[in-house]
Each structure stands twice: as C-alpha cells, then as structure tokens.
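Please treat every number below as a calculation from the coordinates, not as lab data. Quick caveat, the model's predicted, so the values are computed rather than measured. Note that each Cβ is placed from the backbone with ideal geometry, even for glycine, and that neighbours are counted across all protein chains shown.
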Amino acid sequence: MSPKELDQLFQQGSEQHDFEYNADAWGEMEILLDEDDRRRGFLWWWLGDAVIVLLFAWGYVFGIHTTQSLVSDTVIEEKDELKVAINEEECPQTEELSVIQSKITGLKEGKKDNVQEIDTGQKQLSTTNVKQNSNKKIVKTTTTPPVKNTPINIPKKDDKQTVVDTKFTLSDIDNKNLPIIKRDSFINGSEIIASASTLQTTSINEEKHISKNRETLLLPLLPIQLTFKKTGILFKKPNFVDFLARIEQSKVAAKAARKAKREKLKNKGVWYKGYLAGAEMATSGTSPKFNWKVGLHVEYRYQQKFRTGIGINYSQKKYEIKEGGYTAPQGFWTRMIAPQATSATNSILEIPLSMGYFLNGYKKSGFFANAGLTSYLMLREKYTYTYNLPDPDLIREWGTKDMHAHWMGMAEFSMGYQRVLNKRKDFLIAPYVQVPLAGIGHGQVKLWSAGLHLKLLFKLEKWHFKRKSSEN
Amino acid sequence: MHQSNETELQQILLGCCERNRNSQNALYRLFYSYGMSICIRYVGAESEAISVVNDGFLKVFQHIKKFDAEKPFKPWFRKILVNTAINHLKKQKKFSMEVSMEHAVNVAEREDILSRINYKDLMKMVQSLSSSYRTVFNMYVIDGFKHEEIANKLNISIGTSKSNLTRARANLRELVTKKLNNPYV
C-alpha cells in the first residue's frame, strides 16, 4: 500500500463518525459553562470593587490635604478674625487714642504742632498742625478741606446719660483734672456719652495701677469732634466691655484650635515605603525545600500603634508533592494514571495585604504582630512527574505561564521586632507562616510556607507628596 | 431541507450569542459526534477526548459572537477543535517523544480489535499510535497541515515532523496489513 493510498484510507475513515450523544458529557459541559458565567460576574464585581476602592483612596488622600489646609486656614482665619475684631474695635479708637494721646503728650511738652482746637460746633477729626495763641487758646489750622460743619448733637443730661463737657483747656490738663471713662462707657456715633456712674474726676497719678490700654481708657475728653463720614465709612463704636469680651473669646477659640491641631497632628498617620527580602521553607506535606523572595512594600501607620500595608514580592518556590497531593484537571493524566511524586518549580508574584499592631507604638523600637491575606499570581509553573511505570505515553513534564491567579489564597501571620534606626528609617525582622486557604497552581496544591522577613522601611515626609504634586 | 437546517442552525447560533442554555445544548447535540471524531484521533482515550471536546465547545460559546454568520459553521468549529486538541497535547508535551515500533504494537494490543476494518478500526489504529506519531499523522493527513505549520504549532523541527509522519505511516501500514490478513483478530 502506497503512502497516498494509506492517507486516502484514513481520510475517508475520518469522515465517518457515529458517536452517540453523551448526556454525561453535557453534564460536564454545563459545569464549565456555569463556572464561566460565575467568572464573568465576578470580573464585573471585582472591577466595581476596584473602582470603589480607588475612589475611596483618592477621597482619603485628597481629604488629608484638604483637612490640613482647612485646619491651618481655620487657625489663620481665627487669627485673622481676632486681628480683624481687634482692629474693628480699635480702628476708630486707636486712631483717636493715638491722636489724643500724642496731642496730650504734645501739650505737656509744649509742642505746638500737635495742639488742636476743639470746637463743639465742628465734627472734624483733625490731625493736622495747629498753633497755640498767646491766650492759651488753642487754634486749629488744617490743611485738609474742611468738612461740612454739623453741630454735635449732644443731648441734655437725663436719667441715663450724662453729657460730658467737651471743652477743656490746657490748665485742665496741667491740673490733671481729667475725667476718666471706664469700660462701661461708650461712645455712640457722633455723640460722646458717658454714664453717670462711671464718670468721675480723678487725678492721673491715682490711675497708675490701671493698665495702659486694656482695663481703663484714659480718655482726656478734649473737645474732640469726630467725623465718621470723612471717608464715607460709618464706623461702629462698640462697647469696650463687649470689645474686651470678644477679644477674650477669640483668644480662647484660637487656643482651642491650636490644641485641636496639636491633637490631630499627634494622631496623624504617616506613610512608609521600603524593601523586603525573605527566606523560607515550603512544603505540601513532604520534605520542605528552601526558597527566597524579594519585594517592595508600602504601609500606612496611624493612631500611634497600628499599621496597614500592601506589598509586591517576587518569589521562586520549589516543593515536592506526594501521591494524591496533585489534583490535575479532568482528563489530564494519560489513561488516568497519576504520578507517584511530583516536583514543582514555580515563579510567583505575591501580593500581601496585612494589618499590624506595635506594642510600644510605631515610633519606638519594639515588638509587633501582623496578620493578613496574600494573593498568589503564578507567573510560571513547571512540574516533573515521577511514575513507577515505564509507559512512554505517561506525562513526565508539564509547564505553563501566566495561567493561575489565587486571590487572597493564603493567610499570613507574623510576629517580629522593629528597630528604629533614626527618625526616618526602621528595620524590621519577622518570622512568618503562610497557611493555604486554597490550592495553588495547576495541581491545586495546598502549599505551606514558613520563613523570615527582613524589611527596611523609609518614612515618607510631606515634601514627598508636595514635590509630586508640584511635579504634576 | 438543507435550507431549513441552515435556518435552524442560525437560530441556534443566535440563541448561543445570548448565552441561552437551551440553544447551547442544541448546538452541543448537533456537533458532539463530529467533535468527538476529530478529538478522538488526537488523544488516546474517549474520556480524554470528551474533555477536549468540552474545552473546544467552551471556546466556541465564549467566542460565538466573533463567528461570521455568512460563512459555514463547521470549518470554524473544526479549526477550534483541532487547535484545542493540539494545545491539550502541547501541555502534556507528548508529541516530542519518539517511540519505537515495538512499543506501538504493544500499545495497540491493549485496544479492542474488531472483526472487520471499518472506520472505527481505522480510528482505533490511529489511536494506538504514540501521541507524537498520532498528532503529526492527524495534522498532516486528516487535517491538512503542512510540515512547517506542524513544526510551528508543536514547537518541533520540520525534520521531527517528517520523521514522525513516516514512522506513523509505517506503523499503520503494518496494522492494516495485519488486520487484512487476519480480520478476526
């Protein structure tokens, strides 16, 4: 028989087939279809969760900066408010007082250019030079255009108010016979009104115990005419008591804000990043084998003692699997003959997610404990199967790349010691154990690992983020 | 009649696009026998062939939307199944091994021998070959791949592909001759 005839014979033979429909085969098919449906649904779920986690992370990080700026802004605002409050109160007063005080000083010292004549008939705040005439009458000259003269409407004395005689001469000042207006007095609009109970005349020397600018205002009631409409702005002339009370309140509020900020900074979390190296023994129930890993790590420490971290480690795991420990997919083994032993060499990307607690706080050296879940992404798998049979059709080797992912497939526990090297650097050493929650790889092997982690972590300062934001 | 079958098939394929389980079952029933006839040539056992057929059907259902309804379904289905069977063998790395003729005979002796050479006998003979011979023979003779394509798909050399084909033909010729000389064995 020629090769061509042989080929034709088998070609014709292959065209015929009468395999009967197998309901069991359809049952297995339905299982595969159900798994596929579940995988599709899980993928959308996972994508949705990933989007939500990313949104929360973005909001949290953004919130930190916003809160920080808000706190600082609040403190600044409060300070500004305090200043504004003080300024609002003091603005007209300070100007008046400083003018008045300087004029009194000028009068005492005989400076001519600080004297001004106060005329009750005029409402004008004069800061210009004046000159003194020979009759000790104070004459005012002003370079500013005179404002419209409107007489001060000083009310007559009544039950509640006492009109202050606003005309004083130098002799009154010399005699130090000036009325003192205490805190419950007030000045309202263009009227200078003092309550009868507080109006008293006393000498300046007797008032030395009174603090200069807080408790009592020594207001030499020279006949000052105040024009509030000079600049077109109406100044509110509040009560000194209220003014001082508001100052006190502002101070208390600012103090409370500073305290709150200190507390917040005390409990504020910090970010760390670092490197990991590890050595371990891995086994699935037989003699363990030595393996190694390296990785990168990021963690967030908060509330003085807690941490949450995530990392990515590359590890090469070698392990032995005994008979029955390797569960291959259905139909994989030739004539359903499974091997007596299997050797595995896997390249794995580990993604550990963990939380921890520092006994002495994370700012000091001391012991800590961690617990978490680790995901395994199987980058490369290679298996060698050992049989007692010499059958050449039996599978001896098998390998694949990028096939299996086991999310949160391992539980990981560790307890270790942290050594704080300096303010920004920590060194951690921690024995750990990984407990399988699911089988890994092609053979769904339950793999146990135990080893030692060494970590070097660096604290991320604020400027790390600011630099990144400015670069962006 | 043929047109009504085509229309029915189109309806079933439409249902499969919507992931309707009944439509998927209907398609499975229609092409199960054809799929098994393809896969049984590549793998050694029926149970293994069922597994390969199911994997092939899964790919068909996953990618049914990519199928061009203007073209016939059978060749597209066949292509998927052949590739699935080859991938299955690649995972097992069986095709790279060359087996001597004595061993091929020993493997054949383990199979049931029918009274006459029919297509089932022929298929059995093909199955009795070692995986490497069987794969190359199926791909070259039955499915029409060239040696270059076989070498590329199986990650073997063209020389290995040709050598396996030669040895497969030799084994089959011997089996067919044996069967013809003694049809009752």
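Which order results if B:His63, A:His297, A:His442 are arranged by neighbouring Cβ count within 10 Å, fewest first?
Working: B:His63 11, A:His297 21, A:His442 24.
Listed from fewest to most nearby Cβ atoms, that is B:His63, A:His297, A:His442.
Mind ordering B:38-47, A:359-368 by average Cβ neighbours within 10 Å, highest first? Please list the in-between numbers first.
On the way: B:38-47: 22.0, A:359-368: 15.6.
Taking the mean over residues of other Cβ atoms within 10 Å, the ranking is B:38-47, A:359-368.
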Taking the Cβ of each residue in A:Ile312, B:Ile150 as the centre, tally the other Cβ atoms inside 10 Å and list the residues starting with the fewest. A:Ile312, B:Ile150
The residues A:Glu323, A:Glu350, sorted from fewest to most surrounding Cβ atoms within 10 Å, come out as A:Glu323, A:Glu350
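Return the subset of A:Lys4/B:Lys124; A:Lys255/A:Lys425; A:Lys318/B:Lys91 for which the Cα-Cα distance in this structure is over 29 Å, preserving the input order.
Correct reply: A:Lys255/A:Lys425.
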So who's got an amide H within less than 5 Å of the one on A:Ile440, skipping anything under 5 residues away but keeping other chains? H placed 1.01 Å off N, in plane. A:Val445, A:Lys446, A:Leu447
Averaged over B:41-51, number of beta-carbon atoms from partner chains that fall within 10 Å: 4
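Which whole number gives the average, over all residues in B:167-176, of C-beta atoms from other chains lying within 10 Å of the residue C-beta? Mind showing how you got there, number by number?
Working: counts 0, 2, 6, 2, 0, 5, 6, 0, 0, 5.
Per-residue shielding by partner chains comes out at 3.
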Row for the range B:8-68, column shape: gyration tensor on C-alpha, a ≥ b ≥ c, rounded if a/c < 1.5 i.e. under 1.5, prolate if a/b over b/c, else oblate; value prolate
Pairs over 20 Å Cα to Cα, from B:Lys59/B:Lys79; A:Lys401/B:Lys65; B:Lys120/B:Lys162, come to A:Lys401/B:Lys65; B:Lys120/B:Lys162
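What does the structure give for B:125-132 when I average, per residue, the other chain Cβ atoms found within 10 Å of the residue Cβ? List each step's numbers first, then the result.
Numbers: counts 3, 3, 0, 0, 0, 2, 4, 2.
Mean partner-chain Cβ count within 10 Å for B:125-132: 2.
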